[in-house]
Amino acid sequence: MSRIGKYPINLDDKTQVTVAGNLVTVKGAKSSLAYKLDSRITAKVADKKVVLTRQDDTSESKSLHGLYKVLIQNAVTGVTTGFSKALELHGVGYRGNVQGKKLELSLGFSHPINFDIPEGIEIKVEKQITITVTGADKALVGQVAAKIRGFRPPEPYLGKGVRYAGEHIRRKAGKSAGK
């Protein structure tokens, strides 16, 4: 049996999981997420627990067993507490602000960058240099944070750019002056 997939997913009182065929829907206080399971994996809800089982012991079925267990576990965590990623803007004149459903970034280019905030994601900007991306879907939060970081990744000489909070940028020495 899969080492990860064999453990049940515990539910609290605020989370509701429904299984309809191959579709697993997780509803909570914050939002709702749905996942379509592979035909080799089945889910059952009993006694405030979700248990996943697989049809056979092939290596592909074992890997799918663990995958769907982690996806549903992340969905349960996401609809109850949510996920967040923090980004920092480093550089002279680098700043951001949220206007409606758009994130406007000034990152040293000749034009501002306008990023449309997707559904299910909330972005907050504090002191114009700290951006917090929050949402219920862990993969979507990570992808949106990576997309924002991709507009101006940190460069190794001066360290300017968009970086994750707590990320260490390995610095390089610049040119040395003539001798």
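The values are calculated or read from the model by the stated rules, or taken from the named source; none is laboratory data. Just so you know, these numbers come straight off a predicted model, no measurement behind them. Heavy atoms of the whole protein, side chains included, go into the accessibility calculation; ligands, DNA and RNA do not. Shrake-Rupley method; radii C 1.70, N 1.55, O 1.52, S 1.80 Å.
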remark   = With x for Gly and Pro, the residue-by-residue ³J(HN,Hα) of segment 154-162, computed from phi through the Karplus equation 6.51 cos²θ - 1.76 cosθ + 1.60 at θ = phi - 60° and given in whole Hz, is x, 9, x, 8, 10, x, 6, x, 9
Solvent-accessible surface (1.4 angstrom probe) belonging to Ile4, in square angstrom, nearest 10 = 90 Å²
message = Over the chain, what is the relative contact order in percent, taking alpha-carbon pairs closer than 8 angstrom and at least six residues apart?
response = 18 percent
remark   = Interchain or sequence-distant (5+) residues whose placed amide H lies within less than 5 Å of the amide H of Arg152 are Val162
request  = Please report the Cα spread of segment 27-66 along all three principal axes, rounded to whole Å, starting with the longest.
outcome  = 37, 21, 14
ask   = Do the sum for the chain: with -39,500 (n - 2.57) for every DSSP H run of n ≥ 4, divided by all residues, what is the mean residue ellipticity at 222 nm, to the nearest 500 deg cm²/dmol?
value = -6500 deg cm²/dmol
remark   = The answer for segment 50-179, accessible area per residue at 1.4 Å probe in Å², is 59 Å²
ask   = Relative to the first principal axis of the alpha-carbon coordinates of the chain, what is the inclination of helix 59-80, with its axis defined by its Cα atoms, in degrees from 0 to 90 and to the nearest 10?
value = 70 degrees
task = Would you mind checking the pairs Lys44/Lys69; Lys14/Lys124; Lys27/Lys49; Lys30/Lys62; Lys27/Lys101 and listing those with alpha carbons more than 21 angstrom apart?
result = Lys14/Lys124; Lys30/Lys62; Lys27/Lys101
message = Rolling a 1.4 angstrom probe over the protein chains, ignoring ligands and nucleic acids, what is the accessible area of Phe109 in square angstrom, nearest 10?
response = 90 Å²
key: All lysines inside 30 Å of Lys175 as judged from Cα atoms, apart from same-chain residues fewer than 8 positions distant   = Lys160
ask   = If you average 1/r over all unlike Cα pairs in segment 60-130 and invert the result, what Kirkwood radius do you get in angstrom?
value = 14.9 Å
remark   = Relative contact order in percent for segment 135-179 (Cα pairs under 8 Å, 6+ apart) equals 26 percent
remark   = With Rh as the Kirkwood radius over Cα pairs, the chain has Rg/Rh of 1.13
query = Just the accessible area for Arg40, please: 1.4 Å probe, Å², rounded to the nearest 10?
reply = 60 Å²
task = Any chance you could give the angle, 0 to 90 degrees and rounded to 10, that helix 138-150 forms with the longest Cα principal axis of the chain?
result = 20 degrees
ask   = What percentage of the solvent-accessible surface of the chain, computed with a 1.4 Å probe over protein heavy atoms, is contributed by carbon and sulfur atoms?
value = 50 percent
